[in-house]
Amino acid sequence: MIKIENVSKTYKNGTHALSNISLEIKDGEFVYIIGPTGSGKSTLIKLLNGEEVPNSGTVLVNDINVGKLRHSKVPVYRRNIGVVFQDYRLLPRKTVFENVAYAMEVVDAPRDTLRKRVREVLKLVDVADKSNVFPAELSGGQQQRVAIARAIANKPSILIADEPTGNLDPKKSDEIIRLLEKINQEEKTTILIVTHDIEIVRHHPKRTIAIDSGHITADLAGGGSI
Amino acid sequence: MFRRLGRHIKEGFLGVGRHFGMALSSSTAVAITLTLIGVFMVLTYNLVLTTNTIESSISLSALIDYDSEDQVNLQRIEGKIKEVNGVSSVTYHSKEDEFDFYVNSNTDPELQEFYEAYRDENPFRDAYIITISDGTMLQEVTRQVEAIPGVYQVYDGGANTYKLVDVLENIRLFGGILVVALAALAIYLVYNTIHITIDNRKDEIWIMRNVGAKNGYVRAPFLVEGIIIGLFGSIVPILIIGGLYYYLYNALQGTLFGTFALAAPFPFLYYLAAVLAGTGILVGFIGSYISVCKYLRIRR
Ligand SMILES: Nc1ncnc2c1ncn2[C@@H]1O[C@H](COP(=O)(O)OP(=O)(O)OP(=O)(O)O)[C@@H](O)[C@H]1O
Ligand SMILES: [Mg+2]
């Protein structure tokens, strides 16, 4: 469960990215976060995965106060949160299989568990046939699937996607969202999607939180009338 | 655990391979530094050897004052001198011994005969010849022995003795400072190389950290890379200095200017190799450690 209470974030250069935000997201929810550019969406994600700390207020994730987390505890905390970005961020010199395996090697997963899980998630995101291919040989949609596979390999309880469809055409975008819905159902993962793409929200209506200039301006169950 | 260690070592070598030019130039820098350190070690070691010989041969003579003390108390005076910190040996010389010594130190038989005539009016005093364990304690020992009742005066060979001790001290100090400065320079160069390696692998580090790799895990390949650079940089200096010293020692037959004995090549060269390799590893480790910690500290 995510519980954000009266959180404000001002960057060192004086930019007020978030002002007194409060919100709650339950386990297994599927939530969109929308808002214009510069409204503070990515900042919210950075507060959730511990990359940034709030100036005031508390960010609680599964009862862990993320902002107060000791520097050395952040890595282990982060294993519980998968993050996916618009630009995929795969390692170009590693194959699809190795890219996903990498996330599990890093956390010292036993070899057998690792092989089994990597095959499983590659199948789940539907790129099992591309296991031994390098990222450059894949389409954008396929690369994003691999990135999603990597993000869920360690079975995080929360998957955050920052503009996951930003570089994809509508058809591919639709497929990615459907994949995330599948993960939400099959793996019981809480899903947070940051997006500009209103079409997506229309076609897959879910709880939608709107942010503008660092304030929450709407929080609508089922997508509402956006 | 071992699989993981193997992975880090492999990554370290891969890192060196990826930035071979950079790695080679910082290895060269480490090599130059270690060569200088090595040369200094050879000089310092041999110097310390001679210094210690010279220092241990520095002696004082404490003259006995018969106006205030009876001969019966000689035992007590000797005991007191031995108690002084820094005194390594005390030997009694009667004034007859001193006179003989003085006469015999002249090789001219005519002069010897001339002096012999004065044996009855012997101007020397009974004395204790004191050798000291450490040249730097010369002044302190002199002061303390002079304070013992019954000691008339202490001779220490005068200002020249102090000067010699001072010069030797300074050489050791200067050598130490230079070695530290050179090591700092080498650390800086390794630091720079690793800094660039890190920069080139920023994406990978970012991914590692995003999927929850602990800091130690992120650090390891870079530390290995630094160690490889340092160790690699120590090979050439070890071979050059070792070979050269061995050659020179044999060519000079173990002495310099016919007076200073050189340290035997073995086991000295083994120590030298160990110290240089160790310093190389340490320099590589410290350089990369600072680099990687700096990077990790600014990012949460
Ligand atoms: N590291 C940073 N240092 C200073 N200011 C920052 C930093 N990151 C973001 N900002 C500023 O904070 C505000 C919110 O940025 P944020 O990235 O959260 O917006 P966003 O909603 O994700 O925008 P976009 O839709 O363009 O991705 C912006 O004004 C941005 O310029
Ligand atoms: Mg953003």
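The values are calculated or read from the model by the stated rules, or taken from the named source; none is laboratory data. Just so you know, these numbers come straight off a predicted model, no measurement behind them. A quick note on method: Cβ atoms are made from the backbone with ideal geometry, for glycine too, and the neighbour counts reach across all protein chains shown. The protein model used for the area step is the full one, side chains on, heavy atoms only, and it has no ligands, DNA or RNA in it. Shrake-Rupley method; radii C 1.70, N 1.55, O 1.52, S 1.80 Å.
Show the residue pairs that are 6+ apart or on different chains and have beta-carbon atoms under 6 Å apart, the first residue being within region A:88-116 and more than 9 Å from chain B (Cβ to nearest Cβ), the second being among the small types (Gly, Ala, Ser) and surrounded by 20 or more Cβ atoms within 10 Å (Cβ to Cβ). Within 6 Å, the pairs are A:88/A:147; A:100/A:149; A:100/A:153; A:114/A:101. Which condition number does residue A:61 fail, the rest of (1) of a type in the set (A, V, I, L, M, F, W, C); (2) open to solvent by less than 10 Å² (accessible area, probe 1.4 Å); (3) within 15 Å of ligand 1 (Cβ to nearest atom) being met? Here residue A:61 meets the rest and fails (3). Looking at A:20, A:13, just one residue is more than 15 Å from ligand 2 (Cβ to nearest atom), in a strand (DSSP E or B) and surrounded by fewer than 15 Cβ atoms within 10 Å (Cβ to Cβ), and that residue is A:20. So is residue A:180 open to solvent by less than 40 Å² (accessible area, probe 1.4 Å) and within 22 Å of residue A:46 (Cα to Cα) or not? Considered against the rule, which asks whether it is open to solvent by less than 40 Å² (accessible area, probe 1.4 Å) and within 22 Å of residue A:46 (Cα to Cα), residue A:180 comes out as yes. Of the residues making up region A:156-175, those that are surrounded by fewer than 24 Cβ atoms within 10 Å (Cβ to Cβ), within 13 Å of the chain's Cα centre (by Cα) and outside any strand (DSSP E or B) are A:156, A:157, A:163. Across region A:127-181, the qualifying residues are those that are of a type in the set (Val, Ile, Thr) and over 16 Å from residue A:85 (Cβ atoms), and the one among them that is farthest from ligand 2 (Cβ to nearest atom) is A:133.
When only residues in region A:35-58 that are part of a helix (DSSP H, G or I) and open to solvent by less than 20 Å² (accessible area, probe 1.4 Å) count, which is nearest to ligand 2 (Cβ to nearest atom)? Per the criteria, the residue is A:41. Residue under question is residue B:86, and the condition is that it be touching a strand residue (DSSP E or B) at 6+ places or on another chain (Cβ under 7 Å) and either of a type in the set (Gly, Ala, Ser) or under 30 Å from residue B:233 (Cβ atoms) (or both); does it hold? Taking the combined requirement at face value, the residue satisfies it. Within region A:180-197, does at least one residue satisfy the condition of being touching a strand residue (DSSP E or B) at 6+ places or on another chain (Cβ under 7 Å), under 30 Å from residue A:20 (Cα atoms) and within 14 Å of chain B (Cβ to nearest Cβ)? The answer is no, given that none of the residues of region A:180-197 is touching a strand residue (DSSP E or B) at 6+ places or on another chain (Cβ under 7 Å), under 30 Å from residue A:20 (Cα atoms) and within 14 Å of chain B (Cβ to nearest Cβ). Scanning region B:204-222 for residues that are more than 13 Å from residue B:295 (Cβ to Cβ), within 7 Å of chain A (Cβ to nearest Cβ) and part of a helix (DSSP H, G or I) yields B:207, B:210, B:217.
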